[in-house]
1. Just give me the residues in segment B:145-159 being without any contact (Cβ under 8 Å) to a residue 60 or more places away in the chain and more than 8 Å from chain A (Cβ to nearest Cβ), in sequence order.
2. With respect to residue A:170, is the statement that it is away from DNA strand C (no atom under 13 Å from the Cβ) and not in a helix (DSSP H, G or I) true?
3. Determine whether segment A:114-121 contains at least one residue that is over 13 Å from the mean Cα position of the chain (by Cα) and facing chain B (nearest Cβ under 9 Å).
4. Would you mind stating whether residue B:109 is more than 13 Å from chain A (Cβ to nearest Cβ) and not polar (S, T, N, Q)?
5. Determine whether residue B:183 is within 16 Å of DNA strand D (Cβ to nearest atom), touching a strand residue (DSSP E or B) at 6+ places or on another chain (Cβ under 8 Å) and among the acidic types (Asp, Glu).
6. Mind checking which residues of segment B:77-111 are of a type in the set (Val, Ile, Thr) and farther than 18 Å from residue B:125 by Cα?
7. If you check A:43, A:76, A:67, A:18, which single one turns out to be more than 15 Å from the chain's Cα centre (by Cα), charged (D, E, K, R), within 16 Å of DNA strand D (Cβ to nearest atom) and away from chain B (no Cβ under 12 Å)?
8. Tell me, which residue of segment B:202-230 that is closer than 15 Å to residue B:168 by Cα and within 14 Å of chain A (Cβ to nearest Cβ) is surrounded by the most Cβ atoms within 10 Å (Cβ to Cβ)?
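The values are calculated or read from the model by the stated rules, or taken from the named source; none is laboratory data. Here the structure is a predicted model, which is why all the values come from computation and not from measurement. Cβ atoms come from the backbone with ideal geometry, glycine included; neighbour counts cover every protein chain shown.
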Protein chains: 2
Amino acid sequence: MLDKSHKHVSCATCQARKKSLFSANFDENLSHLEEHKSCSYFKKNQPLFIEGSFPRGVYCLNQGKVKVFARGDEGKEQIIHIAKEGEIIGFRAMFSGDMYKVSATALEDANICFISKDDFLDMIDTNPTLRNGIMRELSKELGDRAVFITNMAQKSVRERLAAALIILDDVYSGEQINLTREDLANFVGTATETLIRLLKDLKEEGVIDIHTRKLEIIDKDKLMKIAGGR
Amino acid sequence: MLDKSHKHVSCATCQARKKSLFSANFDENLSHLEEHKSCSYFKKNQPLFIEGSFPRGVYCLNQGKVKVFARGDEGKEQIIHIAKEGEIIGFRAMFSGDMYKVSATALEDANICFISKDDFLDMIDTNPTLRNGIMRELSKELGDRAVFITNMAQKSVRERLAAALIILDDVYSGEQINLTREDLANFVGTATETLIRLLKDLKEEGVIDIHTRKLEIIDKDKLMKIAGGR
DNA sequence: ATAAAAAAATGACATACATCATCTTTCGTT
DNA sequence: AACGAAAGATGATGTATGTCATTTTTTTAT
């Protein structure tokens, strides 16, 4: 279980960091990062930042998943991304100069480090490797979202659900997917009831198994086939 | 009418440039840009680059609009963006290191300048202003796409059409919108037939006027209302 | 000017999905 | 352990939108 206090995580030993943008060629900057970051414990459902506010810094996920979502006109959430350990989130709005277009909320109890805007921009300016990493990340996400938009526009809900499960299987690194039906529906872009029915179908087809809230993927190949063409 | 030859456009006098990322604090770099760019004439429907290929450089639109689109599993186009004069396109994949996730095609006869990958990356490295502009642009687009995804997931086709027309009114800077019904449908994310019917509805409601292929916006306020809530 | 090709328009029809209402199960708190 | 609240599940119903087929209009090329 996670320590409930403000646990200070050392960047030097942080496992999550090694998979992050702070990984390569970063040894000489580690102490700087170490000094300027602060760690906090986020309870499940606690927001990191909220759409419409201005960014104060970036968040580095040490432990726990975070949903990144926008709200439609009726307030319904559309989950854009589910971030896992090692990811750095919230930097988009720091470069665009405008407010957050999305919100981020902890999906489970989490350990998250914070680096202030000034410190982060400083590091970007002085560290070309980090900067290139950020630019690569921005670009990669931009490509991902083009695909996301296309899937939204052209795939059926069933296909999108299959695609979402494949993505989530990776996010949860083989662990069982642990999301409320509502969050899953808001990721796929459908009504909760529809999602529940389609999950049941997939279960009956032997593609997944449902353990109450947790979803286990049984037949990934079939899932990919469903997600793919018609 | 546009000159059909390889017209060399001078960056110094290029009107489009002034609205572009190459605008601010760029005087001392103008000659460099001038030397390293090449101009070409693109015929309507001529591709600039194609999904799956690797980027060779960036394209700077001097005259003429360009559609940026992805293809779904069945090959159907999903238009992600319609670029107008002054925009620079195709740089995403240069930073991500991977292939284009989208294609770009001239929507009309166009004058487009090209800057090779090496030259462009060079400029990025040595010119912080340009670099920041690029980062701002990447970030802004990323935010736009979060909204795009949300609209796709939550709005009706009619609402999306209204939203698209508002965007296009800006792209065409008050000129009449000039797109095939199919392209418009592929931007809105719907079937061509559905789009045609909804356009007719809007016309009957006095919101737009249809001059064969060209669309004129009559009542923008009403359009915004339709695009907005329910 | 005319033919051929592409785009636009219209109608008929089928269905995937949203919505609303209700019920059951699970979870979190005291 | 027990209560209330949240999450999950199921059924009934309506409709927005996709699909297919055909016709009309516009554009392009010879």
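1. Answer for segment B:145-159, where residues must be without any contact (Cβ under 8 Å) to a residue 60 or more places away in the chain and more than 8 Å from chain A (Cβ to nearest Cβ): B:156, B:157.
2. Values: away from DNA strand C (no atom under 13 Å from the Cβ): yes; not in a helix (DSSP H, G or I): no.
The answer is no for residue A:170.
3. Filtering segment A:114-121 down to residues over 13 Å from the mean Cα position of the chain (by Cα) leaves A:114-121.
Narrowing the set further to residues that are facing chain B (nearest Cβ under 9 Å) leaves none.
So far as segment A:114-121 goes, no, none of its residues is over 13 Å from the mean Cα position of the chain (by Cα) and facing chain B (nearest Cβ under 9 Å).
4. Details: more than 13 Å from chain A (Cβ to nearest Cβ): yes; not polar (S, T, N, Q): yes.
Considered against the rule, which asks whether it is more than 13 Å from chain A (Cβ to nearest Cβ) and not polar (S, T, N, Q), residue B:109 comes out as yes.
5. So residue B:183 fits the description; yes.
6. To start, the set of residues in segment B:77-111 that are of a type in the set (Val, Ile, Thr) comprises B:79-80, B:82, B:88-89, B:102, B:105.
Scanning segment B:77-111 gives B:79, B:80, B:82, B:89, B:102, B:105.
7. Numbers: A:76 fails: away from chain B (no Cβ under 12 Å); A:67 fails: more than 15 Å from the chain's Cα centre (by Cα); A:18 fails: within 16 Å of DNA strand D (Cβ to nearest atom).
Going through A:43, A:76, A:67, A:18 in turn, just one is more than 15 Å from the chain's Cα centre (by Cα), charged (D, E, K, R), within 16 Å of DNA strand D (Cβ to nearest atom) and away from chain B (no Cβ under 12 Å): A:43.
8. Out of the qualifying residues, it is B:227.
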